[in-house]
1. Considering only DSSP states other than H, G, I, E and B, which chymotrypsin sites (Phe, Trp or Tyr not before Pro) in the stretch 58-148 qualify as loop sites with at most 11 other Cβ atoms within 10 Å?
2. With a cut-off of at most 15 other beta carbons within 10 Å, and DSSP calling the residue loop, which GluC sites (Glu not before Pro) in the stretch 55-125 qualify? Please list them.
3. Report the rotationally averaged projected area of the stretch 45-147 based on its alpha-carbon convex hull, in square nanometres.
4. Rounded to the nearest 20 Debye, what is the dipole magnitude of the stretch 45-147 about its Cα centre when Lys and Arg each give +1 and Asp and Glu each give -1 at the C-beta?
5. Where Lys and Arg each count +1 and Asp and Glu each count -1, what net charge lies around Phe128 among other residues with Cβ under 13 Å from its Cβ?
6. Would you please calculate the Kirkwood hydrodynamic radius of the stretch 47-101 over all C-alpha pairs and express it in Å, rounded to one decimal?
Amino acid sequence: MATYIGFSSINASEPRTTSQKNGGYGPGTITEPIVFGKKFKMVDSPLVVRDFLNALNIRRGEKVGNPSYGTSIWDFVFEPNTVNVQQALEEEIRRVATLDPRLMLNRVNVYARDNGILVQIELSVTPFNEVGDLSLLFDSTSNTAQII
């Protein structure tokens, strides 16, 4: 069985601090360099889900060298909650998911929220075939898609 290994950049830019008092290091000073490749590690299904979330956070046309990558979901945030808009959102999420051969979407439900769009997805990651639910909130105030 294949294992996907990758590294996460979540909170990687925040400095690591300690409160060592020996050797002249005071509280809150950086005592060791940050090694970005070793700070966070994700494997298997969580990595695939994180890659999917990253693809949903990038607007179409923003990725340098690949203008077709990303999503147009952010264009729907302030649209009225009609059946046509919900179908267009579902189609866009399925389109982004088809870009990653490791993902299979079983069910997609789209709901309007106060400050954005709530998307509930039932997905499985191949070759693991572990079915799981994923709830994403596309928040218009922070312009991010977050797992809730």
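Values in this text are rule-based calculations from the coordinates and carry no lab data. This is a predicted model, so every value here is computed, not measured. Here Cβ is always computed from backbone atoms with ideal geometry, including for glycine, and neighbour counts include all displayed protein chains.
1. Here the chymotrypsin sites (Phe, Trp or Tyr not before Pro) that fit, given the DSSP loop and packing criteria, are Phe78.
2. When the GluC sites (Glu not before Pro) of the stretch 55-125 are filtered for loop state and at most 15 Cβ neighbours within 10 Å, Glu62 remain.
3. Numbers: hull surface 25.2 nm².
If I average the Cα hull's projected area over directions, I get 6.3 nm².
4. 220 debye
5. -1
6. By the Kirkwood definition, the hydrodynamic radius is 11.8 Å.
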